[in-house]
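Asks: Pasting in a structure now, in structure tokens, and then I'll have a few things to ask.
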Amino acid sequence: MQNIKLIRQVLLGTSLLSACALTPLPASAAAAADVPQAEQVASAAAGIKTAALAKNRYTAKTAVPQEVKSALARNEGHQAEKWRFVPSTRPSVIFTFGGLSKKEPLKHVLDDMKAEGMHGTFFVTERELKRNKDNIHLVQDYGQDLGIGLTSLQDGTAADYAAQIWRVQQALQHDYGVRTNIVRQMAAADHEAAMKEAASAMNCYLVGQGLNAVQTKDKAAVSADEVMPHIFGKWTTSLNRGEIIYIRTDYYTKPTLAAEVMMAIKQQKVDNIAYHDEADAAQNIHNAYAVESIQDVLNDTAHRYTYPVDDMDLPIEMQPGYGSGEITNKNFQKEFFKRYIGAPEVSQDDRMYGFSAREMALADKTGLVKTAAPQTVFLTFDDWGSDDSINKLLYVLRKHQVHATFFIITKNMVNNPNLLRAIVADGNEVGSHTDHHVPMLRIDEKGRSHPVEDDKTYRENVRASYEKLVHAIGDMKIENGRRYGLTRLLRPPELAVSRHGAAIILDEGFTYMVSGVGSSEDYGSVTMESLEGIMDHIVHKRNGDVRRGAILIMHMSRTAERTPYALDLLLTKNEQRPDGDPKKFKVGLLGDYLTGNYDQRMKTPKDMREKAVDF
């Protein structure tokens, strides 16, 4: 009798689980009649265990409403893009949260956010809507946003996930007065294609994260100092503009740790993006990034854009491939002399390869724009960087109402196109520094020059750089819409030039190769004052007059951390000079001078001639 009673209890549990549409159990009432009692009990118990595991991982399926079916039909299988960042130039980072099952760690997070004026998006799952209503109301009481947390379904289809989105939307609107179409995939990669289709059908934004701030190995961690090195690599010095950060509030054993990690991220990777004006007695902070919710950024439509830019929507002269295929062995020499702005430090004895002695002798070594207006110099920056380095430069340029040319290494730029667009949005122009910054040549231990990449590889390197730039900023205009901010100027990495490499660059449609009078060598500067002195000597002659047409080479990477402050000092001193002072310079943009008719072969104007450039 006891065995029969146990079997009945097991079978009852089986029928209840089956009604929730979880994994079918191996034991059934029909099979039980033909199997010995002990095997029936063991089989049914195993089925309950399987179902329990499935229940922990998956959300139960339910019927799909007709309106959801209709939305899927209209969608025709299209998939939403999953965002790691929101395409926007708004100066902020996005904090998102999940795991609302525990009140204590959640309240610590909310209290710190309130104290710091931070806003975020808290994703709510269907299970939490049923079990953690008080915590959801708490999030609302603190003025934070709610989003839809999408959880995995066993063998889930697009219809199942669309129905789940619909149910959570209905519950949020009914119980909390919230209307949202922001969805986050809460589990790993289960059924991602189905979730993308569901999000598209339901007209929702699907977000992931650029940074997941919670890692399995840190569950028992006791401090943010212990966790931070696991989240950030050595070279991740700041968060990206518009990047989505995800923090699970209920994961850590220590109740306060989620809040502590959140604050450490803000203090070490967000607050350091701002410019601290050392000349300001009040030590004011400028160009700081806010911590905001996804909806905050979406609401700012003026700063949003579509990524990637469709190059087919652009004028033909902006499209990749335009102007390519025009360089031959016959016309190369003429085009090179016309379109190469060299550098005094680069010559036949240093960083030139494959040219004839005559070609090297005739190649430009002035580093000057020979048609520059009186007192005009040019500010340029090389490489790529993080928000903490580039954002400071943008503030300094804006403060002094000048613009610069940014020569971009594009390999890593694709991870942060928002920052590149912010550069152009401020009125600056952009050129290429190649895709992965491989110089055209290297010098071996015996002092001999050798090409680094074969012609095919180097051509792909150069071509990819423009393609990536046009897909990020190809639609942006500067100077009140007069011209595009993306140029076809290219600065050779390390200023090294080879004949084959130069031919490839010009043949790929780049209009000018631009080096400059001198580099500030800012990545190795000792003090801000010494660096400003080097900059001053590049834009001024020995007698103190402005070196008209001079191209100043600086860098935008984190290793050039003193550059914004030295440039601020240089420009401040210049502004303090009276009008008419021969030492007072103006700042121009290369793209306004290096147009199709510009020819570097022209005779160097008398006032630009110097016996030697000595910094």
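The values are calculated or read from the model by the stated rules, or taken from the named source; none is laboratory data. Here the structure is a predicted model, which means the values were calculated and not measured. With ideal geometry, Cβ positions are generated from the backbone for all residues, glycine too; neighbour counts draw on all protein chains shown. What goes into the accessible areas is simple: the full protein's heavy atoms, side chains included, and nothing from ligands, DNA or RNA. Shrake-Rupley method; radii C 1.70, N 1.55, O 1.52, S 1.80 Å.
Asks: Report, to the nearest whole %, how much of the accessible area of the chain belongs to carbon and sulfur atoms, 1.4 Å probe, protein only.
Replies: Carbon-and-sulfur percentage of accessible area, whole number: 50.
Asks: While we're on this one: Rounded to two decimal places and with Rh computed the Kirkwood way over Cα pairs, what is Rg over Rh for the stretch 447-583?
Replies: We get a ratio of 1.03 for the stretch 447-583.
Asks: Pulled fully out, how much extra length does the chain show between Arg483 and His286, if you take 0.36 nm times their separation in residues and subtract their Cα-Cα distance?
Replies: Full extension of this stretch gives 68.0 nm more.
Asks: On a 0 to 90° scale, report how tilted helix 2-19 is relative to the longest principal axis of the chain, with both axes built from alpha carbons and the result rounded to the nearest 10.
Replies: Orientation of helix 2-19: about 40 degrees from the principal axis.
Asks: A follow-up question, please. Among the aspartates and glutamates, select those whose C-alpha is under 14 Å from the C-alpha of Lys411, and discard any that sit fewer than 8 residues away in the same chain.
Replies: Asp382, Asp383, Asp435, Glu460, Glu467
Asks: Show me, for the stretch 574-588, the HN-Hα J-couplings you get by feeding each phi into the Karplus relation (A = 6.51, B = -1.76, C = 1.60, θ = phi - 60°), rounded to Hz, glycine and proline as x.
Replies: 5, 5, 6, 6, x, 4, x, 5, x, 8, 8, 9, 10, 10, x
Asks: Continuing with the same structure: Counting heavy atoms of the protein chains only and a 1.4 Å probe, report the per residue accessible area for the chain as a whole number of Å².
Replies: On a per-residue basis, 45 Å².
Asks: Would you pull out the residues with amide H under 5 Å of His540's amide H, same chain only if 5 or more places away, H placed 1.01 Å from N?
Replies: Arg547
Asks: Could you work out how far helix 192-201 tilts from the main Cα principal axis of the chain, as a 0 to 90 degree angle to the nearest 10?
Replies: Helix 192-201 sits at roughly 90 degrees to that axis.
Asks: Then there is this: Tell me what the chain gives for mean residue ellipticity at 222 nm when only DSSP H runs of n ≥ 4 count, each as -39,500 (n - 2.57), the sum divided by the residue total, rounded to 500 deg cm²/dmol.
Replies: Rounded to the nearest 500, the figure is -11500 deg cm²/dmol.
Asks: Turning to a different aspect of this structure: So which lysines pass the test for Lys606, namely a Cα distance under 27 Å, with those fewer than 8 places away in the same chain ruled out?
Replies: Lys334, Lys338, Lys365, Lys370, Lys541, Lys583, Lys584, Lys586
Asks: I would also like to ask the following. So, with +1 on the Cβ of K and R and -1 on the Cβ of D and E, and no other charges, what is the size of the charge dipole of the chain about its Cα centre, to the nearest 20 debye?
Replies: Dipole of the chain, to the nearest 20 debye: 460 debye.
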